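The values are calculated or read from the model by the stated rules, or taken from the named source; none is laboratory data. This structure is a prediction, so every number in the text was calculated from the model and none was measured. Positions of Cβ are generated from backbone atoms using ideal geometry, with glycine treated the same way; all protein chains shown enter the neighbour counts.
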Amino acid sequence: MAKFLIADDHPLYREALISALQPLFKNVDIIQSDCLDSTLKALQQHADFDLILLDLNMPGCDNFYGLIRVTQDFPQVPVAVISASDSVEVVSKVMSLGAKGFIPKATTTQTIANALKQIMLGNNWLPEGMQSRIEHLAPIIDVARLVGELTPKQFQVLKLLQNGLLNKQIAYDLNITEATVKAHISGVFRKLNVNTRTQAVLLLNKLDIAEQ
């Protein structure tokens, strides 16, 4: 029996995908999640997933953080990214960060099924003609390794630093004390091997897909 995790924050898309895939896979078991936290919990509770279908834009997944956490924490489970964006830069980053496939959301159901079967066999899958266009982006792999060391709360703080917020504003947004914010920032600096906010933000910008 195949076992999939569909991680997407749009319930209608999840239900449509499940309805489309169930007739194409015999005895398939499909678990759903709608944010990074619920995705990580599902992966912790089920050690036997054959594949994860991961949306890049779920809550908590900014700047590829969701993909980084999943591939680093659960390397035994292949990840197929499903996204509305199919730019060459995004696909290149996705594959460089350890995904086994990239499936645009506009892909037909039969093609998605074929892609999943290829990935479950240990192969990579990309839309036709995409392989020759993507680049292997070695520098962002190093950045991903560092960012993957951050806790979810540290990553939230780093995202707010990227948005230009002061410690007091971060404390208000996250409902924590300024002392806790400072502790998180110190942890971010240590794990990213940087000394200033600017350096931390510039590092995170290398993973940014906000403009895609």
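A compact table of results
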read-out: Any hit, the stretch 123-143, residues being surrounded by fewer than 16 Cβ atoms within 10 Å (Cβ to Cβ) and touching a strand residue (DSSP E or B) at 6+ places or on another chain (Cβ under 7 Å); value: yes
read-out: Residue match in the stretch 102-114 (condition: part of a helix (DSSP H, G or I), aliphatic (A, V, I, L, M), in contact with a strand residue (DSSP E or B) (Cβ under 8 Å, 6 or more places away or on another chain) and crowded, with 22+ Cβ neighbours inside 10 Å); value: yes
read-out: Within the stretch 1-82, strands (runs of 3 or more DSSP E) holding 3 or more residues that are within 12 Å of the chain's Cα centre (by Cα) and surrounded by 16 or more Cβ atoms within 10 Å (Cβ to Cβ); value: 51-55
read-out: Residue within the stretch 166-178 that is touching a residue at least 40 places away in the same chain (Cβ under 8 Å), out of contact with any strand residue (DSSP E or B) (no Cβ under 9 Å at 6 or more places or on another chain) and at positive phi present; value: no
read-out: Residue identified as under 17 Å from THR71 (Cα atoms), of a type in the set (Val, Ile, Thr) and either modelled with pLDDT of 95 or more or not in a helix (DSSP H, G or I) (or both) among ILE141, ILE119; value: ILE119
